[in-house]
Amino acid sequence: MTETIRKRIQEIRPLDKEAWEDLEKILEVYNFKANHFLLTQNEIAKNLYYVVKGILKSYYYKNGKEIVHWFGFENDIITSLSSLITQQNSFENIKLIEDSTLIGINYEKFIKLTKKHHSISLLYSKLLVEYFLLIDNENKNKHFLKAKERYDILLKNYPAVLQRVSLGDVASYLGITQETLSRIRAGK
């Protein structure tokens with residue numbers, strides 16, 4: 001199972017043999033049922049997770065309404081980044097939509113490895129840059145693209161999203177009503 005995360009890490013930033021061996025020692029495999037919370041609002045994030053199988057969603061409440069912030073699919077590396085880095089309470093909940101298999105990396109142990117291995121330090125920097133670019137792109141899309149364009153991007157990146165995620169969650173993520181989503185899906 002660790003071979004899947006190894007492949008993903010090698011895509012981001014190759015690690016030397018000794019660094020990989022040390023990193024592999026702190027990896028933990030988790031199998032969770034749907035609706036399990038990895039993190040709840042006001043908890044402090046302690047782990048990064050690699051999604052081997054399943055889907056997760058991050059959401060928060062605004063005016064009593066659930067707002068989906070992001071989805072995590074297979075091959076994604078996920079966490080509440082602001083909570084993880086600052087070790088402050090999270091503003092978001094992270095919940096499994098499906099039964100899922102995740103590989104967890106304890107952040108404190110990971111940071112210790114960045115001090116021991118230059119290649120892990122570079123991996124960490126690259127992960128932060130990737131996460132920043134992802135957030136920046138998401139923000140641009142939400143502010144400058146029409147709902148139909150955001151919907152098309154979601155389907156391009158995650159073709160099976162409509163079979164695996166509720167329409168209510170998809171609509172919330174896109175920032176539209178379910179009725180508007182239905183019209184978009186119908187091509188109106």
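What follows draws every value from the coordinates through simple rules; no lab data is involved. In this text the structure is predicted, and so the values were computed from the model without any measurement. Backbone-built Cβ (ideal geometry, glycine too); neighbour counts: all protein chains shown.
Pairs linking a residue in segment 94-114 that is farther than 27 Å from residue 34 by Cα to a residue that is among the charged types (D, E, K, R), with Cβ atoms under 6 Å and 6 or more positions apart or on different chains, are 113/22. Scanning segment 127-174 for residues that are among the acidic types (Asp, Glu) and touching a residue at least 60 places away in the same chain (Cβ under 8 Å) turns up 130, 138, 169. Scanning segment 1-53 for residues that are surrounded by 14 or more Cβ atoms within 10 Å (Cβ to Cβ) and at positive phi turns up nothing.
Where helices (runs of 4 or more DSSP H) sit wholly within segment 66-167, those with at least 1 residues that are among the polar types (S, T, N, Q) and surrounded by 14 or more Cβ atoms within 10 Å (Cβ to Cβ) occupy 81-86, 107-116, 118-144.
Within segment 1-29, the set of residues being assigned to a helix (DSSP H, G or I) and in contact (Cβ under 8 Å) with a residue 40 or more places away in the chain comprises 2, 4, 5, 8, 9, 12, 18, 19, 22, 23. Looking only at segment 54-65, residues that are assigned to a strand (DSSP E or B) and either surrounded by fewer than 17 Cβ atoms within 10 Å (Cβ to Cβ) or touching a Ser or Thr at 6+ places or on another chain (Cβ under 8 Å) (or both) come to 7 in all.
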